[in-house]
Amino acid sequence: MGLTAEEKLFYKKNGYIIVKNVLPAEELNEITEEYDKLFARKNQEKMESSWTGSDANDRKNDSEYTVKGIHNLQYHHAVFSSFLFNKKLLSALEDVMETPNIVLHHTKAHFKPPEKGAAYPMHQDYHYFPYEQDSMVAAFLHLDAAGPENGGLFVYPGSHLLGPQEDIGAKESNFHYVDQKKFPLSGAKPVIADRGDVVIFSYLLVHGSPPNLSTRPRRMLLLQAAAAEDSPLGDQPVRPGQGWLLKGTNVNRDASISKRFDS
């Protein structure tokens, strides 16, 4: 059920891996249905977040281009937890993280609408929530086939081996991104994904995405997880559900994020 030796080597070298056939078709359809219902509800209320771009990708804050976001999916419908506890996914995470003990950090969904989906500058997730041992990974579930034409993921293979890069975004805005001249979108590799594919990648991997100018949406959701043995660097806000044990044993509980709930 886990990754092959070749897949493990590919991940170590490149910092990401595509895992296919993680969810059965019926479950994938149910997740997609509830995803659409959730975004429809939020559009009638107030969307939690709406990225409109930055100077890094030539989008102004009043741009009509957007990426809509919703966090903490497991609190909106129970079906999203089926992704969190999927055995094939957790086996793959164990292989790339090299630990059987995995805790949830957070979940979120991004919707990049047709024709007006904003680009996102090349960045590392590290700058949002650094960890001592850099065990953090993302598992990115595609609800639509994705590629360059509809604003799919672009990566710099092997960039995770470079460690944390300078956080240019923190100097220029409220967002985090790396030097776009050093890591231009034009030099990155597109990740071509089918519906249902899950891309697992290190939070040190430099990644981003172009605008969605096609007539197709790009719907995705993800979880980010860390090794139970790892701990956050510095003072970080605790997110809903953070510290949920997805697999194994929390052998580092007294030094882990979960202790923050005890104070």
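The values are calculated or read from the model by the stated rules, or taken from the named source; none is laboratory data. Nothing here was measured: the structure is a model prediction, and the numbers come from that model. Neighbour counts are summed over all protein chains in view; Cβ atoms, including those assigned to glycine, are modelled from backbone coordinates with ideal geometry.
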Problem - Check on PRO148, more than 30 Å from TYR75 (Cβ to Cβ) and part of a loop (DSSP other than H, G, I, E, B) - result: yes
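Can you tell me which residue among GLY169, GLY208 is modelled with pLDDT under 95, under 20 Å from the mean Cα position of the chain (by Cα) and farther than 20 Å from LYS20 by Cβ?
GLY169 is the lone residue from the list that is modelled with pLDDT under 95, under 20 Å from the mean Cα position of the chain (by Cα) and farther than 20 Å from LYS20 by Cβ.
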Fill in the blank from the handout: Log entry, pairs with first residue in segment 157-184 being surrounded by fewer than 13 Cβ atoms within 10 Å (Cβ to Cβ), second being among the polar types (S, T, N, Q) and assigned to a loop (DSSP other than H, G, I, E, B), beta carbons closer than 8 Å, six or more apart or on different chains, reads GLU172/SER54
Problem - Residue ID - farthest from PRO164 (Cα to Cα), chosen from residues in segment 209-239 that are among the aliphatic types (A, V, I, L, M) and not in a strand (DSSP E or B) - result: LEU213
